[in-house]
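The values are calculated or read from the model by the stated rules, or taken from the named source; none is laboratory data. Just so it is clear, the model here is predicted, and its values are computed rather than measured. Quick reminder, even Gly has a Cβ in these numbers, built from the backbone with ideal geometry, and neighbours come from all protein chains shown.
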Amino acid sequence: MTVSLAWALGGLLVILACCCLLDRQLRRACLAFIVFALVMSFTWWQLGVPWLAAAEALLGSLLTGAALLHALGRAGDVPRLPQRDATPPRGTEAPAHWLAALAWLVLAGLALAALLRSGRLPLDGDVELSLVPFALLVMVLGLWAFAHHRHLLRRLLAFNILGSGVFLLLAGLAGPGPEVQGLILVGLAVALVGSVLGVLLLRRLYALEESVTLEPGAGP
Amino acid sequence: MSGAFFPIATLSTSLVAAAIIFLLPEGALRARTVLNLAAAVLKIGLVAWMVRGLSQGQTYAVEFPVLEGLAFVLRADALGIMFAGLSSLLWLFTTIYAIGYLEDSPNRRRFFGFFSLCVASTLGISLAGNLFTFLIFYELLTLSTYPLVAHRGTPKALAAATLYLRFTLTAGLVLMIGMVALHTLAGDIRFGQREILAEFGPEQRGTLIAIFWVLIAGFGVKAGLVPLHGWLPRAMVAPAPVSALLHAVAVVKAGAFGIVRLVYDVYGAELSQALGLLTGLAVVASVTILYASLRALAQVELKRRLAFSTVSQVSYVILGIGLFGPLGTIAALSHLLHQGLMKITLFFCAGNYAEELGIHRIDELDGAGRRMPLTSLAFSVGALGMIGLPPLVGFLSKWYLGTGAVQAGMPWVIAVLVVSSLLNAAYFLPVLYRLWFCPGPDHGVGKWPEERHLGRFETSSWLLLPALATALFSVMAGLLAGLPFTPLEWATRVANLEYLP
Amino acid sequence: MNSAASLLLWLALVAPLPLGLLAWLKPPRRMRAVVLAASALPLATLWLLPRVGEGALQGSLALGGLSLHWRLDALAALLLLLTQLVLLASAAYAVGHRRAALSGDVSHARFWPLLGGLAFALGLIWVAADLLLLYAGLELMGLCAVGMMLLPGKAEAIRAGLRYLIYALVGSLAWLLGVALLLGAWGTLELAGLAAVAEPDATTRIGMALLAGGLLLKAAIFPLHGWLVPVHASAWTPVSAVHGALVVKASFFILITLWRLLLPEAITAAWVLGMLGASAVLWGGLKAWRADSLKQVVAWSTVGQLGYLMLLFPLLAGTAASVAAMAWQATWLQLAGHALAKAAMFMAAGNLMLSTGASRLVDLAGTSRRLPLSLMTFGIAAVTLMGLPPSAGFTAKWLLLQASLESGQWPWVAVLVLGTLLTAAYVFRVLRCSFVEQAPRHEFHPLPRGMDLIPLLLALAAVGLGLVAEWPLAMLRQGGVS
């Protein structure tokens, strides 16, 4: 993989993340996430880790995507979730969320700066390293969406995007060695189980209370 | 082997009894009564065996490490066994009394279970061999008395129990901090290892003094030292056997006994005197004695008057500790026992008046001597003893306090004694006057608040006999003071054997 | 010899998984046999204990190009024993609980595989010696815990469970980011290797901060405790017991392990963590004191009690060796005592609520007469939480006080005092309510004998541990403060 391909893939990932996180039409957002995960999988393949690419395609794209779409689908006898997110965004209330997101970003930025300055990483021309800025951007988007949205499906999407950002950063900083593959595999499995669990619960919550948020009383 | 067996067996008689009582169903009256009495008698037997063995020079001790450099130590020394003897003897009477007192009342399983735990804690306190072990049982005592104070479940009882907890738990913490500080400074001090602190140089004196007063503050709450006595009069809402327990056997005694241990077995009388701690103690005790006596004068309820009397009488023990010299020590130790005998008699009698005639206030006592002569006789013995009339035990205490004061070179203490005796007389004699000389319902004047006929005698014999027995003991202890194994003799022995070179 | 011990260890670690599955598949009546079979596990750990006294048992598993390191030292073995005992107790309790509270509820069967998974995950965390294995254990634990919390299926349980899930997931991403930074900077995931090469530079600090953030969130340390109380309010009693006793502690264990490897000398940060702990003690105590329902009292008390553990950080950082040793022993003793007592307390509270059919404190009136055993258990468990003698809490508090006094860190003395008083305040508020006699009579449902007995045994164990503390602590000392 060349640096320019890495840049292209990174840019594509950021754009897809935007699509996924900004769209109020939930089905479209979920589809955007599936494409996002496929591009992730392609990136792993290009980095020379086909196993991880297969795992990402299977766990991240296929299964997590299916789980997310299941939330909006008709399966089972529970009522269907509305297809559009009609809840108002959080805005500036809940400052703790924003503070946490900000702290996260500042810490990550500072650490990266320190790491780059320390010279322990090979600086230019490295393909993995060129993914780092995109990983950061994806993380920013994920964090923003996580703090901003109320709708639980969108928060799950945000969590998945944020997770992918962390994986990218991990691979960018440490290269695709076996340890990194192990960490990412566990992370993917956790994200999958978390998403499935979250989606099932969301459907149950909607069936019981017609609510799609954590705040009691705030309807859809 | 037997050295370890006896302390553990003494402790576990009440623990096992408590466990079985909690397991027995509420209705198992007879089994519970038998168990209670058997455990109390067995305990007296075990303590008596240790007294005998101890005077023959045997040692009874058991210990195991709890932390690095800190051990759980049970050891029967002369002082500890004295306190153990007092509590196990009075325990028997209190148990008998409680069985009679709580007849037909609810929640007896809970009551007697915690009652037994309470005696186990008291025994643990008396046999503890270092401050750490002492603290363990001291706090257990707090926990096991809470349900007893709250027993009636009325808002007043619950409020009093909460107040009791606030005082005692805070005091327990203060005590713990003091003990940890002492432990940090000097390591694990077994009772009797007075040389450890005596070897500290003058630069550590400030710390030692500070720790001493922190510990005294911790002990002082249970011992009812003014201004830490606030819980005691309020805890009077508890049933009479509990009051007897709080005042005569366990709680205030545990506080006073703690101070005894601290001064004689940890710091040592000489170091305490050298640091000027004893004078401080004597002053605090004198203030307590006078203040509480004055407060007692103002009370109209019998039990509250007795409560303030306890506050003042327990401080005689502290006063005795404060008088440097063997006579002061004898006064302190013997009064620890004497006050227990007299005060428990008074509380038993107060309970009898309340149960039989519904009397709670002093002005309702008119002519009760005619209706309940034996109870009133016992009450009179206790009250006269408290005033210090010879040949009753109270006189012995005051005599030794007076001579001890001279020996310690603190003649002002004699003035305190005289004033407090006058005050004692002032708050007890009117009660006696009303009992014996005022005409009451039995003379055809007025009527008892709530008369019941509980037994063949003037009241139920379960209630009457303990009161008579303890009254008899306090007369005997005074009359036969010179014989072996009386409180005074044992106190003298402890003072001579352990505290004087 | 060594390989036999390793084999036994891994058998004991993995065994809960098939046992859980077995209990899931078998009809409910057979669960007792499974519980009985599981009681062999603590015996295995007991057999291992003397063997790890001198030197830790360690090894690695090779998976493709990846090698995973594990290590069983005295601390890990003791924690494993504690875990097995508490889990066993709650499994046995759950058998009775199903019969008394949930007869006919089919979702109860799902409890068992989740419990098995949780047992495996906790075991993995205690023995893990690299960040990947820790990560896997942490995640498995979190997911199993969330799953168990959700079993009741009520709306408030789902909402609380979802909140817990989302926080746990975000916490693990923070953890993963921290791991990414450490791996990028030092190139290894193995703890021993990391300790050898890592320097406390900016990257390590920030990586550790992110790790700590994730772990504090999962451990419900003030101010990240918001998810804990609602989750307990609706969970089943045996689940609450396991969660309050063990799950939150595992995150603390990881935090302290990593902290001591990577940033042993970071005094300011350690004080920050200590202050967080102090605030947790006070805030948790206050909230527990003001809480209206019994389960909330117990849950808030967990928030408060966890704060005591955090005092370890300032007492370890830059203090004398003797102080560090005392604080080290105190913390693990406190952890063990709290685990046993909290499990007992949740179960006792559950019993009280189950048989009175009410959950508010005022509805407890008269229970001291009718349900003395449950109330007694509650009281005995509370003795440990209050740190009154002779419980493990007391012995731990003694050591903590001694360490604070000896190192001159006076603020912690005040924290310990206030914490004890607050604990006493909320505990006796409960007991006081139960002593009230003039109250409307409730219907009291009888419970199976075992449901009373198990928490009583746990509570007594917590109290007794204070007296026999020297046994585990000597083993800890032998392993050193490392």
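Couple of notes before you dig in:
- Only one entry of B:Leu135, B:Leu140 meets the criterion of being in contact with a Pro (Cβ under 7 Å, 6 or more places away or on another chain), surrounded by fewer than 24 Cβ atoms within 10 Å (Cβ to Cβ) and under 22 Å from C:Ile380 (Cβ atoms), and that entry is B:Leu140.
- Leading residue by the ranking (nearest to A:Trp104 (Cα to Cα)) among those in the range A:156-179 that are modelled with pLDDT under 90 and facing chain C (nearest Cβ under 7 Å): A:Leu169
- Verdict on C:Trp47 being in a helix (DSSP H, G or I) and among the aromatic types (Phe, Trp, Tyr): yes
- Flag for C:Arg449 being more than 8 Å from chain B (Cβ to nearest Cβ) and basic (Lys, Arg): yes
- Unmet requirement for C:Gln402, which otherwise passes all of (1) more than 9 Å from chain B (Cβ to nearest Cβ); (2) over 24 Å from C:Leu460 (Cβ atoms); (3) in contact (Cβ under 8 Å) with a residue 12 or more places away in the chain; (4) not acidic (Asp, Glu): (1)
- Count - residues of the range C:50-92 that are touching a residue at least 12 places away in the same chain (Cβ under 8 Å) and part of a helix (DSSP H, G or I): 21
- Criterion violated by C:Leu401 - all others in (1) surrounded by fewer than 23 Cβ atoms within 10 Å (Cβ to Cβ); (2) out of contact with any strand residue (DSSP E or B) (no Cβ under 9 Å at 6 or more places or on another chain) satisfied: (1)
- The range B:70-107: number of residues that are within 12 Å of chain C (Cβ to nearest Cβ) and out of contact with any helix residue (DSSP H, G or I) (no Cβ under 7 Å at 6 or more places or on another chain): 2
- Identity of the residue in the range C:141-165, in contact with a Phe, Trp or Tyr (Cβ under 7 Å, 6 or more places away or on another chain) and assigned to a helix (DSSP H, G or I), that ends up surrounded by the fewest Cβ atoms within 10 Å (Cβ to Cβ): C:Arg163
- Against the conditions (1) assigned to a helix (DSSP H, G or I); (2) of a type in the set (Lys, Arg); (3) loosely packed, with under 14 Cβ neighbours inside 10 Å, A:Arg27 satisfies every one except (3).
- Residues that are within 22 Å of B:Thr122 (Cα to Cα), surrounded by fewer than 19 Cβ atoms within 10 Å (Cβ to Cβ) and not β-branched (Val, Ile, Thr), drawn from the range B:143-187: B:Leu163, B:Arg166
- Subset of the range C:213-234 [surrounded by 24 or more Cβ atoms within 10 Å (Cβ to Cβ) and more than 16 Å from the chain's Cα centre (by Cα)]: C:Gly214
- When each of A:Leu143, A:Leu208 is tested for being part of a helix (DSSP H, G or I), under 15 Å from the mean Cα position of the chain (by Cα) and either farther than 25 Å from C:Leu140 by Cβ or more than 10 Å from every other protein chain (Cβ to nearest Cβ) (or both), the lone residue that passes is A:Leu143.
- The condition (being more than 20 Å from the chain's Cα centre (by Cα) and of a type in the set (A, V, I, L, M)) is satisfied by just one residue among B:Ala477, B:Ala405: B:Ala405.
- The set of residues in the range B:61-82 being part of a strand (DSSP E or B), in contact with a Leu (Cβ under 9 Å, 6 or more places away or on another chain) and free of Cβ contacts under 8 Å to residues at least 60 places away in the same chain consists of B:Val62, B:Phe64, B:Leu67.
- Scan of the range C:407-439 for residues that are among the hydrophobic types (A, V, I, L, M, F, W, C), more than 9 Å from chain B (Cβ to nearest Cβ) and free of Cβ contacts under 8 Å to residues at least 24 places away in the same chain, ordered by number: C:Trp410, C:Ala414
- B:Leu488 being closer than 25 Å to B:Gln339 by Cα and within 19 Å of the chain's Cα centre (by Cα): yes
- Test: residue in the range B:193-205 that is under 23 Å from the mean Cα position of the chain (by Cα) and either more than 11 Å from chain C (Cβ to nearest Cβ) or not in a helix (DSSP H, G or I) (or both): no
- Restricting B:Leu165, B:Leu141 to residues that are in contact with a Cys (Cβ under 8 Å, 6 or more places away or on another chain), part of a helix (DSSP H, G or I) and either under 30 Å from B:Arg109 (Cα atoms) or not aliphatic (A, V, I, L, M) (or both) narrows the list to B:Leu141.
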